Each structure stands twice: as structure tokens, then as C-alpha cells.
Amino acid sequence: MAISKDVVVVGLGAFGSAALWRLAGRGVDVAGIERQGIGHHLGSSHGATRLFRIACLEHPGLTPIAQQSLALWTALGERTGEVFVRQSGCLNVGAPYSRAVRGAIAAASAAGAPIEELGHDELAARYPQYAGLGADDVAVWDPGAGICYAEPIVRAQVAEAERLGAAVYPHTMVTGVELVDSGVVVRTPTVEFRARQVVVCAGAWLGKLVGDLPLSPRRTPLYWFRAKDSGEFDLGRFPAFVWKREGAHSLWGHGSGDGFGVKIGLEHLETEAGRVVVDPDEVDRYIHLRADVDELAETVADAFPGLEPRPEKVLPCMITDSPDGQFLVGRPGEDPRLVIAGGDSGHGFKHAGGLGELLAQLTVDESPYCDATFLDPNRFTR
Ligand SMILES: Cc1cc2nc3c(=O)[nH]c(=O)nc-3n(C[C@H](O)[C@H](O)[C@H](O)COP(=O)(O)OP(=O)(O)OC[C@H]3O[C@@H](n4cnc5c(N)ncnc54)[C@H](O)[C@@H]3O)c2cc1C
């Protein structure tokens, strides 16, 4: 059987579901194909929450994309009666010259976004949970930041796309994407899709489907902890944070709230241990107490002694790194039939709504709402 569409989106995680929604909203005849169920736990977008930051320390160009996500998700939430972003703020903690502090200041000042700088003593007094603060550690408070609700966003983006006319094919694996004279053929075991363009957002599988991309998927679990003294680690008292620690593994996370626990993640020192590349089809989905938990438990005991050091819940997840830590969004080889978005590098969720808008604009040939040239997938070969 063959189905003709104007555009096909492959992969309906955070990025693909956003692209599908934004394309459907423009009246494009679009289909979205996902090999699992919608909102599944086998890719990169599962779990209740992700950090949402405005002062994006990774690159000042990311702030307008996060702001676009916020605007789109707020409007979607007003329509559906849900809340997708909770602006409870975020602390960027580290030495004054650290990436957390300098990067957040640079991004906020480029975008004119408000921030507050906290000196060491003020930080320690306001947030006594940070027992492991270094002598030089200070913080940048990003009041527009907070957390976003990951799985509900993916589901709502797909539901909204369907409401706007998109055709959705869950549990359908794309086995090949072939560029042909008339456009593109997207193959699945049962149906063949013919379209003018394809938008491939296959997360850790992007390199497998498109090939020849500098992407490195790695297994990175999600962890939730319990506070020893209830209240001290509620989201209101222990907001989202990124903590670049001197000579130690860096940490990020946020406090607990309705339906979610205290979340803490560890960013390895720049060692091989944290950078093992995996085949996403063969990634280890078991949790190993020694390899997955011991190191983080030791770091948490040192940094936040008010938490039970061993997590109460752990789920495997995947991050797909690019060589410079920025996403790959655009047309590889400038091919007019193919658009990709991937290489999330561990900080992509908050940008998904804004990236979906950029992907739709690129596909229908509209001017982009912000400069995204730093995400051009061809930047490594130029
Ligand atoms: C531990 C961890 C913590 C993170 N913390 C944060 C954070 O705090 N803030 C933040 O902004 N970001 C964070 N991220 C990053 C964020 O979660 C990712 O950037 C985002 O989820 C990537 O979405 P994606 O759509 O690219 O990938 P995915 O969600 O994996 O979507 C890709 C989809 O493609 C589908 N697919 C693959 N191959 C095929 C095929 N052949 N046919 C059909 N479908 C296919 C997959 O099933 C999948 O659903 C974190 C990531 C991890 C792992």
C-alpha cells in the first residue's frame, strides 16, 4: 500500500511531535510515524519532567528558542487546560568563571532576560541544601526558568497535531528513507509513504536512518531521590539547578512536587567513563547498582547530605551528543527533500517547541523567527 503526503515526520519524541504539531497548524498535509507508542519510555523524552532554562549556558542563541517553546506550550496549555511549564526558577551554580555562571550571564544579557547574581554567602544562606559548595561558588538566578512536563508535552503535541489534521502512525517502524526524483519514499514493513519532504527526528536512531552524521548516542539514566527531612527539597525551596563543580562531577536537578520526586543527574568529568557510545537498538536497559548508582550516590552524599544518597527510582535514557554540544537542525547537504533535528546533547527538551516551529518554517519555506545557523547540520563539514 502507498500513501501520499506533502510531508512525513519520522519519530514522534519531543522534537518530532513538535514539528508535526507546527506543520499541521499551518494546514500542511502531514503524517507522523513513530515506531513505539506515543509518549513511550524507550527513547530520550520520557519521565515526568525536564529542566527548563531561559539563560541557556550552552549558547546564547538557544534563549530565543526556549522562549518560543514557552510561548507555544503556554498557548497550548491554555487551550487544553494543562500546565506544561512551571516557572519556579533555576540556579546556575559554580565558580565565577565557570560555564554555568558565565554562560548563563552571556545568554541572559544577549536576550535581555532578567537574572539575579548571588554571591557565595547569600547562596549558602538562601539554599542550605548545598552543603558541598566550593569556596568560590556563586550563582545566577534565572527567574523565568523552572521545569517542563516531558511526557505530557509529547502527548499533547501529538494530540494537537491530530486535532489539526495530521495523520499519526504509532507502532510503525520506518525501515528506510529514500530520496528520489519526485521527493522521498519512507518505507515501513506495511505501508510506503511518498512525500515531497521528510523531517527525520529519530533521536538516538537519527544516524542510523540518515547516515553520515557526527552523532554519538550514550546511555544516561534518569534518577529520583527522597529527602531525609520532608519539605527541605520541595521544588519551592529547592528549585531547578545546574551546578558546575570544581574538580568533581557536576550535578543538575530540581526539587520534588506533585507527582514527581527530587531529580538529580550527574555530568561526568570529561572522562571516557561518561562518554561510551552505544547502539540505540542494543542499549542496556537494566540498572546496575554498582555502575549506575554507586558513583552518583557518593557525589549526592557529599553535595546534598539532606537527601537519601541512594535513588528511589532509576530509569535508563539516552542522550545523543554532537561534537560541539549543539543540536543538528536543518537540511544535511542542503537537500530540499530532507530536514533533520537531533543531536540533543542532553539539553534539548526545553527547546522542542521552538525547534518544532523552526522545522515547520524551514519545511514550508518561511523566514525563521530566530537565527539558527549555529545549529546547521552542515557546520562540521564546511
Ligand atoms: C537523563 C537525561 C536528562 C535530560 N535532562 C534534560 C533537561 O533537564 N532539560 C532539557 O531541556 N533536556 C534534557 N534532556 C534532553 C532531552 O530529553 C532530549 O533533548 C529530548 O528528549 C530529545 O528528543 P528527541 O525527539 O530528539 O528524541 P526521542 O524522544 O528519543 O524521539 C525520537 C523518536 O524517534 C523514534 N524512532 C527512532 N527510530 C525510528 C524509526 N526507524 N521509525 C519510527 N520511529 C523511530 C523513537 O522511537 C523516538 O520516539 C535530558 C536527557 C536525558 C537522557
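The values are calculated or read from the model by the stated rules, or taken from the named source; none is laboratory data. Because the structure is a prediction, the values reported are computed rather than measured. Cβ placement follows ideal geometry from the backbone for every residue including glycine, while neighbour counts extend to all protein chains displayed. SASA here: full protein model, heavy atoms, side chains in, ligands and nucleic acids out. Shrake-Rupley method; radii C 1.70, N 1.55, O 1.52, S 1.80 Å.
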Next item on the list: Look at residue 357 and say whether it is away from the ligand (no atom under 11 Å from the Cβ), closer than 24 Å to residue 72 by Cα, among the acidic types (Asp, Glu) and not in a loop (DSSP other than H, G, I, E, B).
Entry: yes
Note to self: So the check is Cβ under 9 Å with 6+ separation or different chains; which pairs have a first residue in the range 155-166 that's open to solvent by 50 Å² or more (accessible area, probe 1.4 Å) and a second one that's of a type in the set (S, T, N, Q) and not in a loop (DSSP other than H, G, I, E, B)?
What the structure shows: 155/17; 159/80
Note to self: Just to be sure before I move on: is residue 240 closer than 21 Å to residue 28 by Cβ, buried (at least 21 other Cβ atoms within 10 Å of the Cβ) and touching a residue at least 60 places away in the same chain (Cβ under 8 Å) in the structure I sent?
What the structure shows: no
Notebook entry, point to check: In the range 239-269, how many are in a loop (DSSP other than H, G, I, E, B) and under 21 Å from the mean Cα position of the chain (by Cα)?
Noted result: 8
Notebook entry, point to check: Which of the residues that make up the range 101-127 are open to solvent by less than 60 Å² (accessible area, probe 1.4 Å) and in a helix (DSSP H, G or I)?
Noted result: 101, 103, 104, 105, 106, 107, 108, 111, 120, 123, 124
Next item on the list: Tell me, yes or no, whether the range 328-348 has at least one residue that is open to solvent by less than 10 Å² (accessible area, probe 1.4 Å), free of Cβ contacts under 8 Å to residues at least 60 places away in the same chain and in contact with a His (Cβ under 8 Å, 6 or more places away or on another chain).
Entry: no
Notebook entry, point to check: So which of 35, 53, 26 is open to solvent by 20 Å² or more (accessible area, probe 1.4 Å), near the ligand (Cβ under 10 Å from one of its atoms), in contact (Cβ under 8 Å) with a residue 12 or more places away in the chain and not acidic (Asp, Glu)?
Noted result: 35
Checklist line | Qualifying positions in the range 187-223 - closer than 24 Å to residue 358 by Cβ, among the aliphatic types (A, V, I, L, M) and more than 9 Å from the ligand (Cβ to nearest atom) | finding: 195, 198, 199, 210, 213, 215
